[in-house]
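Participant: One structure, as structure tokens, below. Some questions next.
The values are calculated or read from the model by the stated rules, or taken from the named source; none is laboratory data. Bear in mind the structure is a predicted one, so any value in this text is a computation, not a measurement. Every residue, glycine among them, receives a Cβ derived from its backbone with ideal geometry; neighbour counts consider all protein chains shown. Protein only, heavy atoms only, side chains kept; ligands, DNA and RNA dropped before computing areas. Shrake-Rupley method; radii C 1.70, N 1.55, O 1.52, S 1.80 Å.
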Amino acid sequence: MSSPFVTQDDSLYQEADHHTWSQLFQKQNQLGNEHLASAYLEGYEKLRLDDRRIVRIEDISRRLEAISGWTLVPVSGLIPTRDFFYMLINKKYPVTVYIRQPHELDFSEQPDIFHDVYGHLPLLTNEKFTRFLTSYSIIALKYVNNDRAVDFLGRLYWFTYEMGLIMENGESKAYGGAIITSSEERANIASGAAPVYPFSLDQVMNTPYNPYKLQQQYFVINSFDELFNVIEGLEEKLIDHLLLPEQDNVVRNFSLNDHIGREFNDVIGFLNDTQFKYPDAVSFVAGQPDERFFDIEDHIASFDTYIRYRMEKTGSSRNEVVNRIGQYGKTKGFINDLVAEYLKVEEDIKVTGEDILMTVGAQEAFGIVVGTLCQQEKDVVLVEDPGYIGVSAFAKVFNYNIAGVGTDEEGIDLKLLRDKILTINGSGKRVKLLYVIPDYQNPSGSCMPIGNRLKLLEMAQQYNFLILEDSVYNSFTYAQKKNPTLKSLDRYGRVLYVGSFSKSLFPGLRMGMIVGGQRVENHRGDRVSLIDEMTKVKAQMTNNTSGITQAMLGGVLLAKNFRLSEWNRAKFESYKMKRDHMLASLDKYFNPQEHDWAAGIRWTRPEGGFFIKMSLPFEVDDQSVVDSASRFNVIFSPMRYFYLKGGGENEIRLTFSNLSRDMIEKGVKQLAQFVRWNVTGIKGPLPLIADTTI
């Protein structure tokens, strides 16, 4: 095994490496010093680090030795635990000679010279902290052959030298190197998203950590004297922990739902983790609305608009109205009459408030519909294939029968649908529900023609199933006129309409709805309101939808005279501009006349929604996503994630809704580099392209 101890060969650093070093310093300067510990800042000033060129470890070592007696040892990476503690006892600190790559400016999985030098060395000038560090290492060296002991001691190191906070003038400030060099950790602390606890050796030793994710808690000391004082009881506390039975908090002989086991594809978790791991990568993954248009403060003010409306309508006092909103509310919802008016004005859907169930977003609505309508033993839910995974994943987790029906550029294939219904209904099971996104479908962007919509309604009547219409993208059309919803065309009482205000207002509102109006004959022959039956299921899930957010939404609808499309016009125009720029960028960087490798690559040109489907001449999978993120700084969704049982292996989904024009073009250019690398094996910048205006 080769030794990790090396010499620093300056000739191995290229100008690009020095540029990376300089960029890292610039990013630190942008973050500012106001939340950094004074001991760290004083040490930083003493070391006089070069912010333009990678430092020579030998030079910094001489400077540090003159200040505190510590010296530096160049290493190639992580060193054995025993060697590490032995070095610290002898006032030697390992510094990695490797410098991270340009795409790793915010986060590098490997140790690197910038993190070691900028994050750790300034504290080695502080006598009180180094006294703790050497004393800690003397104890740790005695336990290096015990993995559990190393784990416990590693937690102490992690929550101090890497993630430590110290109180100064009533404010917690960072002295841990991993906080100091991470904009994400600093933001995590500033936002209050993770609690900050007073330092407790017991609590620290009982707290595992993940070096690749934002911390879920931090620990703050009052002084380095306090930190040194833990040394006195450290070994005794360590032995206490080692003598306890190993507590892994595993509940044994307790199996979980089989349907979230190995075969369950946690697509959202994987893509979210990838985006966190590569925060500088342009992400074409999430179909999120543009945050610039959220207007949250005005929407919060709409709460008062609704209060005044209810006061006038009921004759109640303001206090009475507000208190009723804060109480457990009506399960079905209390702004249903306003939502009914909105549906009539905007969607030509004519229902009463009693035909509507307000939900916590669309995802809860899907669960309520499936849970109300379907019996697990004999009923089947049909979904578009490929399709949005919200309904299919829910059905899988709760063991409902689910089957896919192929789609094309006109949405669900009606011939395949008929064949699937006949096959299932002839097998002893029954098609009970069909889930579709008629407008600008996620993930393909397809749109169902009006003729197909009418035919689908006829089929629902003929084969006695209901249609679950997901209308989330209906309003996001770039054509002259949006299509009528299935619900507005329905004369058979076959459509359950699910809507959401996440895209038209903002996702944090968490407001959705199920719109019914049907009466159904149950197994006893009684005719009951389907929405009322769904309300019973809703009551078992979330009791009622937040009264606060209902009141906000009601106020917005009143203030906008029920016409959100007019108010959202600027937003829609922005999305259209982004769609156009995305397509122009694809035309530019994947032009087969400019690039031979781009021949045969195709993409859709959607007339609405947030999604573009792209076909590539090679297969893409999870590793492709990681390669693209790590090597080319761009992330996409493989289409195979959206198929039930295979398909889309050569396709990806791209979204543009929450990106600027510059980020769209940058991302497409980097995507082109990834594709060229897969086709030709060539990595690097694209050849110069003829200047075109996009």
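Participant: Would you check which residues across the range 283-304 are surrounded by fewer than 18 Cβ atoms within 10 Å (Cβ to Cβ) and more than 30 Å from residue 576 (Cβ to Cβ) and list them?
Facilitator: 304
Participant: Of all the helices (runs of 4 or more DSSP H) wholly in the range 120-236, which have at least 1 residues that are out of contact with any Lys or Arg (no Cβ under 6 Å at 6 or more places or on another chain) and over 29 Å from residue 67 (Cβ atoms)?
Facilitator: Numbers: elements: 127-141, 147-157, 177-180, 183-191, 201-205.
In the range 120-236, the matching helices (runs of 4 or more DSSP H) lie at 147-157, 183-191, 201-205.
Participant: When residues of the range 420-442 are filtered for being assigned to a loop (DSSP other than H, G, I, E, B) and in contact with a helix residue (DSSP H, G or I) (Cβ under 9 Å, 6 or more places away or on another chain), how many remain?
Facilitator: Within the range 420-442, the subset assigned to a loop (DSSP other than H, G, I, E, B) is 426-429, 437-442.
Pick out the ones that are also in contact with a helix residue (DSSP H, G or I) (Cβ under 9 Å, 6 or more places away or on another chain) and you get 438, 442.
Final tally of qualifying residues: 2.
Participant: Taking the range 30-54 only, how many residues are open to solvent by 20 Å² or more (accessible area, probe 1.4 Å), assigned to a helix (DSSP H, G or I) and touching a residue at least 12 places away in the same chain (Cβ under 8 Å)?
Facilitator: Of the residues in that region, 6 qualify.
Participant: Quick check: is even one residue across the range 508-528 open to solvent by 40 Å² or more (accessible area, probe 1.4 Å) and within 24 Å of residue 409 (Cβ to Cβ)?
Facilitator: Taking every residue of the range 508-528 in turn, none turns out to be open to solvent by 40 Å² or more (accessible area, probe 1.4 Å) and within 24 Å of residue 409 (Cβ to Cβ).
Participant: Which condition from (1) under 20 Å from residue 390 (Cβ atoms); (2) open to solvent by 20 Å² or more (accessible area, probe 1.4 Å) is the one that residue 439 breaks?
Facilitator: That leaves (2) as the condition not met.
Condition check ((1) surrounded by fewer than 21 Cβ atoms within 10 Å (Cβ to Cβ); (2) in contact with a strand residue (DSSP E or B) (Cβ under 8 Å, 6 or more places away or on another chain); (3) basic (Lys, Arg); (4) within 23 Å of residue 51 (Cβ to Cβ)) across all residues:
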| site | (1), (2), (3), (4) |
| --- | --- |
| 80 | yes, no, no, no |
| 86 | yes, no, no, no |
| 89 | yes, no, no, no |
| 92 | yes, yes, yes, no |
| 98 | yes, no, no, yes |
| 106 | yes, no, no, yes |
| 111 | yes, yes, no, yes |
| 116 | no, yes, no, yes |
| 131 | yes, no, yes, no |
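Participant: Does residue 249 fit the bill of being assigned to a loop (DSSP other than H, G, I, E, B), surrounded by 14 or more Cβ atoms within 10 Å (Cβ to Cβ), out of contact with any Leu (no Cβ under 9 Å at 6 or more places or on another chain) and at pLDDT below 75? Explain how you work it out, then say what you get.
Facilitator: Numbers: assigned to a loop (DSSP other than H, G, I, E, B): yes; surrounded by 14 or more Cβ atoms within 10 Å (Cβ to Cβ): no; out of contact with any Leu (no Cβ under 9 Å at 6 or more places or on another chain): yes; at pLDDT below 75: yes.
Taking the combined requirement at face value, the residue does not satisfy it.
This table checks each residue for (1) at pLDDT below 95; (2) open to solvent by 20 Å² or more (accessible area, probe 1.4 Å); (3) out of contact with any Leu (no Cβ under 7 Å at 6 or more places or on another chain); (4) not in a helix (DSSP H, G or I).
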| position | (1), (2), (3), (4) |
| --- | --- |
| 382 | no, no, no, yes |
| 390 | yes, no, yes, no |
| 407 | yes, yes, yes, yes |
| 415 | no, yes, yes, no |
| 418 | no, yes, yes, no |
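Participant: While we're looking at this one, here's another question. Residues of the range 634-658 being surrounded by fewer than 22 Cβ atoms within 10 Å (Cβ to Cβ), in a loop (DSSP other than H, G, I, E, B) and under 18 Å from the mean Cα position of the chain (by Cα), which ones?
Facilitator: 657, 658
Participant: Regarding residue 667, is this residue in a loop (DSSP other than H, G, I, E, B), of a type outside the set (S, T, N, Q) and open to solvent by less than 40 Å² (accessible area, probe 1.4 Å)? Let's see the steps before the verdict.
Facilitator: On the way: in a loop (DSSP other than H, G, I, E, B): no; of a type outside the set (S, T, N, Q): yes; open to solvent by less than 40 Å² (accessible area, probe 1.4 Å): yes.
It is false that residue 667 is in a loop (DSSP other than H, G, I, E, B), of a type outside the set (S, T, N, Q) and open to solvent by less than 40 Å² (accessible area, probe 1.4 Å).
Participant: Please enumerate the residues belonging to the range 308-344 that are at pLDDT 95 or above, farther than 22 Å from residue 507 by Cβ and hydrophobic (A, V, I, L, M, F, W, C).
Facilitator: Answer for the range 308-344, where residues must be at pLDDT 95 or above, farther than 22 Å from residue 507 by Cβ and hydrophobic (A, V, I, L, M, F, W, C): just 340.
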